[in-house]
Amino acid sequence: MSIGVIDRAASLSRWRHRPLAEKALLTLGFLIVAVSVPPWPGAAVVALVILAVTFGAARVPLGLWLSVAALPLGFMASGAVVLLVQVGPEGLGLAPHGLQDAAALCLRAMAATFCLILLSLTTPAADLMAGLRRLGLPAEIVEIALLTYRFTFLIGESAVAMTHAQSARLGHRTNRLWLRSTALVIAGLLPRAMDRARRLETGMAARGWSGEMRVLSDRPAASWPVLAGIAVVQILVLALGWPA
Amino acid sequence: MHIMEGYLPAAQCAAWYAATAPFVVAGAIRLRRIIAERPEARMTLAAAGAFAFVLSALKIPSVTGSCSHPTGTGLGAVVFGPAVMSVLGVIVLLFQALLLAHGGLTTLGANAFSMAVVGPWVAWGIWRAGRAVGLGASVTIFLAAALGDLATYVFTSFQLALAYPDAVSGFAGAMAKFASIFALTQIPLAIAEGLLTVVVIDALAGKTDNKVAVLAGEARG
C-alpha cells in the first residue's frame, strides 16, 4: 500500500468534517477500553461497536478497509501461533490453554486495530497534529511533525519515481543489483530532501515565517450531547466487558 | 517489525510509554535548543524525519527470497545522532501507525523504545566504539547498521516474551519462541540493511555538500 492511500481516504471520508474531539473520543476511548477489559466479552463488544460505526455511520468502503486491515491482521495471526505452542523439557508441544490464549489475544488485537483503522480512515494526520497542539504539545515538536508530514508525500513521490526509473532500466534484475539500486535511491533521496528543505526554508523566511504556521480552521466545535453519548456507550461497554 | 495495535496489555503499554518518555523528552529538549540556535534546522530535521519514513516504505531483497524494508535506524543514528533520532523516531512511528496502519497507538511506547531508543543507541555506540578502536569506516558502518537493526528485533522479542511468557518454561521459553520467529529471520535482513547502509554512506560521501555533516554536527553536539 502506498503512503498516500489512507490519508487520501481520510480526506475524502464522510466523517472528514465531524469534530475532531468526537472522533478522537470515540476511537481512542474505545481503544483504551479494548486493551483494558478482559478480551471476552469486552474486546468482542468493542470490535462489534466499532465495526458498526465504521460501516454504518462513517460508511468506510469495505474494499479499502480490507486492504488496510490485511497487514496488521496478518501480523496478529503469526503472533497468535506462538501462543499455541509451549517450550518444555521435551521440546515443543501444544500448550494446554494455547487456543484460549491465542483467541483472547486475537480478540483484543482486532478490537484495538479496528479502532485505529476507523481513526486513520476518517481523520487526516494533520488534523490530529493540530489537536495535539491544542492539548499542549510544544509548538516546535508539532511544527516539525507537520513539516515531516508534508515532506513525507513530497519525498515519497520522488522515491517512487526513482524506483520506477531504476526498475525500467533493469535495476532490480538480481538481488545484488536491487540492493545496490535501493541504496542509490536512498543516497539520491537524502540530498534532494535536504535541498528541498533548504528551498522551502528560504521561501518561508522571505515571507516572514517565525516558526509556526497559522492557518484558518473551519472545523465545527464538538457537540457536548454527542460527546456525552459516546462516553455513556463506552461506560456501558466497560460495564458489559467485565464478567460478573 | 512493529508490535501491532492491541497486542500488549494495558499495564505494559503504560510501562513502555513511561520507559520511553525520558529519552524522548531529552531528545525534544535537544531539538528545541537546536531550533532556537538555528531556526533553519527545523526544515532539515523535518526532511530527515520524512526521509526515515520513506526509507521504511522502500523494499529491499532479503537473502531468504522474500523482501523487506530497511529500518534506517543505523543510518539515522550515524548521520543525525541518537538523541534527535528518538524524537524523529516517535514522529515516524506515529505516522506509520496513522498512515500505514503499521504498529499502533497503544504500542507506540513499546515500539518507540525498541526502534527509536535501543536501535539508534546500539548503532551509535558501535559506530563510536568501532571508530575509537580504529576499525575501517565501511566495516564500522556495516556493523552499526546490521547490529542496530538486529538489536531492535531482539528487543522486540524481549518485549513480546515479557507480555506472553510460556506456560511451562516462562519468560526464557517465550523469548526463545519469539526470537526464533522474529529475530532469527531478521539476521539476513540485518545483513542486507548493513550492506545497504554502507553503499548509501559511500554514495553520500561523494555527492552531498556539507549539509548532512553540519546537521549531524549540530545534532550530536
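The values are calculated or read from the model by the stated rules, or taken from the named source; none is laboratory data. What you see is a predicted model; the values in this text were computed from it and never measured. All Cβ positions, even for glycine, are placed from backbone atoms using ideal geometry, and neighbour counts span all protein chains on display. All accessible areas refer to the heavy atoms of the entire protein, side chains included, with ligands and DNA or RNA removed. Shrake-Rupley method; radii C 1.70, N 1.55, O 1.52, S 1.80 Å.
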Hits in region A:6-19 - residues which are open to solvent by less than 30 Å² (accessible area, probe 1.4 Å) and not in a loop (DSSP other than H, G, I, E, B): A:ILE6, A:ASP7, A:ALA9, A:ALA10
Among the residues listed as B:LEU135, B:LEU147, the single one being modelled with pLDDT under 90, open to solvent by 40 Å² or more (accessible area, probe 1.4 Å) and on the phi < 0 side of the Ramachandran plot: B:LEU135
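Would you mind finding the one in A:LEU28, A:LEU66, A:LEU48 that is open to solvent by 50 Å² or more (accessible area, probe 1.4 Å), free of Cβ contacts under 8 Å to residues at least 24 places away in the same chain and within 13 Å of chain B (Cβ to nearest Cβ)? Spell out the reasoning first.
Working: A:LEU28 fails: free of Cβ contacts under 8 Å to residues at least 24 places away in the same chain; A:LEU48 fails: within 13 Å of chain B (Cβ to nearest Cβ).
It is A:LEU66.
Restricting attention to region A:34-45, and to residues there that are at the interface with chain B (Cβ under 10 Å from one of its Cβ atoms) and assigned to a helix (DSSP H, G or I), which single residue is farthest from the chain's Cα centre (by Cα)? Can you show your working first?
The initial filter retains those residues of region A:34-45 that are at the interface with chain B (Cβ under 10 Å from one of its Cβ atoms), namely A:34-37, A:39, A:43.
Still in the running and assigned to a helix (DSSP H, G or I): A:34-36, A:39, A:43.
Working: A:ALA34: 16, A:VAL35: 17, A:SER36: 20, A:PRO39: 22, A:ALA43: 19 Å.
The residue in question is A:PRO39.
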Among residues of region A:85-131, those that are among the charged types (D, E, K, R) and within 16 Å of the chain's Cα centre (by Cα), counted: 1
Members of region B:173-195 found to be open to solvent by 10 Å² or more (accessible area, probe 1.4 Å), over 12 Å from B:THR71 (Cα atoms) and of a type outside the set (A, V, I, L, M, F, W, C), listed by number: B:LYS177, B:SER180, B:THR185, B:PRO188
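Given the residues A:ALA193, A:ALA145, A:ALA161, which is the only one that is more than 22 Å from the chain's Cα centre (by Cα) and modelled with pLDDT of 85 or more?
Numbers: A:ALA193 fails: modelled with pLDDT of 85 or more; A:ALA145 fails: more than 22 Å from the chain's Cα centre (by Cα).
Result of the check over A:ALA193, A:ALA145, A:ALA161: A:ALA161.
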Considering residues of region A:83-99 that are surrounded by 11 or more Cβ atoms within 10 Å (Cβ to Cβ) and assigned to a loop (DSSP other than H, G, I, E, B) only, the residue nearest to the other protein chains (Cβ to nearest Cβ): A:ALA95
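Which residues, taken from region B:19-32, are basic (Lys, Arg) and either more than 10 Å from chain A (Cβ to nearest Cβ) or open to solvent by less than 20 Å² (accessible area, probe 1.4 Å) (or both)?
If we filter region B:19-32 for residues that are basic (Lys, Arg), which is where we start, we get B:30, B:32.
B:ARG30, the sole residue that qualifies.
Out of the residues in region A:71-82 that are surrounded by 14 or more Cβ atoms within 10 Å (Cβ to Cβ) and at the interface with chain B (Cβ under 9 Å from one of its Cβ atoms), state the one that is nearest to B:ALA176 (Cα to Cα). Before the answer, list the steps.
Step one: list which residues in region A:71-82 are surrounded by 14 or more Cβ atoms within 10 Å (Cβ to Cβ), which gives A:71-73, A:75-76, A:79-80, A:82.
Restricting the remaining residues to those that are at the interface with chain B (Cβ under 9 Å from one of its Cβ atoms) gives A:71-73, A:75-76, A:79, A:82.
On the way: A:LEU71: 24, A:PRO72: 23, A:LEU73: 23, A:PHE75: 18, A:MET76: 19, A:GLY79: 14, A:VAL82: 10 Å.
That would be A:VAL82.
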Test result for A:PRO61, open to solvent by 20 Å² or more (accessible area, probe 1.4 Å) and more than 9 Å from chain B (Cβ to nearest Cβ): yes
Elements of type helices (runs of 4 or more DSSP H) in region B:97-175, at least 2 residues being within 14 Å of chain A (Cβ to nearest Cβ) and in contact (Cβ under 8 Å) with a residue 24 or more places away in the chain: B:108-112, B:137-163
Hits in region B:22-36 - residues which are free of Cβ contacts under 8 Å to residues at least 12 places away in the same chain and not basic (Lys, Arg): B:PRO22, B:VAL25, B:ILE29, B:ILE35, B:ALA36
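Take the residues in region B:101-117 that are farther than 12 Å from B:MET4 by Cα and not small (Gly, Ala, Ser); name whichever of them is surrounded by the most Cβ atoms within 10 Å (Cβ to Cβ). I'd like the intermediate steps shown before the answer.
If we filter region B:101-117 for residues that are farther than 12 Å from B:MET4 by Cα, which is where we start, we get B:112-117.
Now narrow it down to the ones that are not small (Gly, Ala, Ser): B:113, B:115, B:117.
Details: B:PHE113: 26, B:MET115: 31, B:VAL117: 23.
Going through the qualifying residues, I end up with B:MET115.
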Qualifying position, being open to solvent by 40 Å² or more (accessible area, probe 1.4 Å) and touching a Gly at 6+ places or on another chain (Cβ under 7 Å), among A:LEU177, A:LEU200: A:LEU177
Complete set of residues in region B:17-45 that are of a type in the set (Gly, Ala, Ser) and modelled with pLDDT under 85: B:ALA36, B:ALA41
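Just checking, which of A:ALA193, A:ALA168, A:ALA183 is away from chain B (no Cβ under 14 Å) and closer than 30 Å to B:ILE201 by Cα? Before you say what the answer is, go through the steps one by one.
Numbers: A:ALA193 fails: away from chain B (no Cβ under 14 Å); A:ALA183 fails: away from chain B (no Cβ under 14 Å).
Residue meeting the stated conditions: A:ALA168.
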Residue in region A:121-137 that is closer than 26 Å to A:ARG8 by Cα, more than 7 Å from chain B (Cβ to nearest Cβ), open to solvent by less than 50 Å² (accessible area, probe 1.4 Å) and among the acidic types (Asp, Glu) present: yes
For B:PRO188: the one exception among (1) in contact with a helix residue (DSSP H, G or I) (Cβ under 9 Å, 6 or more places away or on another chain); (2) of a type outside the set (Asp, Glu); (3) in contact (Cβ under 8 Å) with a residue 40 or more places away in the chain: (1)
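Could you tell me whether region A:196-213 includes any residue that is hydroxyl-bearing (Ser, Thr, Tyr) and part of a loop (DSSP other than H, G, I, E, B)? Talk me through it step by step, then tell me what you get.
Pass one, region A:196-213, residues hydroxyl-bearing (Ser, Thr, Tyr): A:202, A:210.
Within this subset, residues satisfying the condition of being part of a loop (DSSP other than H, G, I, E, B) are A:210.
Checked region A:196-213: at least one residue is hydroxyl-bearing (Ser, Thr, Tyr) and part of a loop (DSSP other than H, G, I, E, B).
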Single unsatisfied condition, B:LEU58 versus (1) under 30 Å from A:THR174 (Cβ atoms); (2) open to solvent by 10 Å² or more (accessible area, probe 1.4 Å); (3) modelled with pLDDT of 80 or more; (4) within 8 Å of chain A (Cβ to nearest Cβ): (3)
Residue match in region A:147-161 (condition: more than 11 Å from chain B (Cβ to nearest Cβ) and open to solvent by 50 Å² or more (accessible area, probe 1.4 Å)): yes
